[in-house]
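Below: the structure, in structure tokens.
The values are calculated or read from the model by the stated rules, or taken from the named source; none is laboratory data. Just so we're clear, the structure is a prediction, and the values are computed from it rather than from any experiment. Cβ placement follows ideal geometry from the backbone for every residue including glycine, while neighbour counts extend to all protein chains displayed. Areas reflect the complete protein model, heavy atoms only, side chains present, ligands, DNA and RNA absent. Shrake-Rupley method; radii C 1.70, N 1.55, O 1.52, S 1.80 Å.
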Amino acid sequence: MPELKQLNKEAIPAALEKAERYRLLNEPGEAESICLDVLHVDPENQQAIIMLLLALTDRFTKGYGVSDTQIKELLSRIRDEYDRAYYSGIFAERRAKAKLAQHTPGCRFQAYDLFHEAMDWFENAEAIRPRDNDDALLRWNTCARIIERNKLVPREAEEPIEFPLE
């Protein structure tokens, strides 16, 4: 691979605006590349970390292989406790939506579990949210409605099997 060109630190705000536009245009790969360029120059840039996380999760329903490990590493780099809880919920919610769209055996149970994981994260975020920020409860409601609309239920617990002793 050719050596990558380095972004000027002063160009970071404009680059992040472009990354957001690419996300809105449904081009997460381009947004990801810009965020990686920003993080190369400013490794702790919170806006770039969050935007990269969102760009990666945008790919869940596109059939791209996205590493949960990479996303969890990004989540660990988010300094604000509210943001970390909120975006952990976004991660679980988007994984749930991708599972639901798979139409494979067991995917509805997995989606149910992931939606509930997301709802737990959103409740954590709601408890520590800024006073005028109801984003976490709005996302919680969305997850609840998706569960209801799709009639998702938990997997039934299996009966334990007792093997006879010889």
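Pairs needed: first member in the stretch 137-157, of a type in the set (F, W, Y); second member anywhere, part of a loop (DSSP other than H, G, I, E, B) and surrounded by 15 or more Cβ atoms within 10 Å (Cβ to Cβ); C-beta distance under 7 Å; at least 6 residues apart or different chains.
As it stands, the answer is none, since no pair meets every condition given.
Residue-wise test of (1) charged (D, E, K, R); (2) under 21 Å from A55 (Cα atoms).
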position: R79; (1), (2): yes, yes
position: L100; (1), (2): no, yes
position: T104; (1), (2): no, no
position: E126; (1), (2): yes, no
position: D132; (1), (2): yes, no
position: R155; (1), (2): yes, no
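Taking only the stretch 84-109 into account, find how many residues are open to solvent by 70 Å² or more (accessible area, probe 1.4 Å), without any contact (Cβ under 8 Å) to a residue 24 or more places away in the chain and part of a helix (DSSP H, G or I).
The qualifying residues number 2.
Would you mind finding the one in E81, E73, E148, E123 that is among the acidic types (D, E), at pLDDT 95 or above and surrounded by 14 or more Cβ atoms within 10 Å (Cβ to Cβ)? Break it down stepwise before answering.
On the way: E81 fails: surrounded by 14 or more Cβ atoms within 10 Å (Cβ to Cβ); E73 fails: surrounded by 14 or more Cβ atoms within 10 Å (Cβ to Cβ); E148 fails: surrounded by 14 or more Cβ atoms within 10 Å (Cβ to Cβ).
Answer to the check: E123.
Does the stretch 68-83 hold any residues that are assigned to a helix (DSSP H, G or I) and of a type in the set (A, V, I, L, M, F, W, C), and which are they? Break it down into steps so the answer makes sense when it comes.
At the first step, the residues of the stretch 68-83 found to be assigned to a helix (DSSP H, G or I) are 68-77, 81-83.
Scanning the stretch 68-83 gives I71, L74, L75.
When the stretch 14-32 is examined, which residues are found to be assigned to a helix (DSSP H, G or I) and open to solvent by 60 Å² or more (accessible area, probe 1.4 Å)? Even if it seems obvious, please write down each step before you answer.
Step one: list which residues in the stretch 14-32 are assigned to a helix (DSSP H, G or I), which gives 14-24, 28-32.
Within the stretch 14-32, E17, K18, E20, R21, Y22, L24, E30 qualify.
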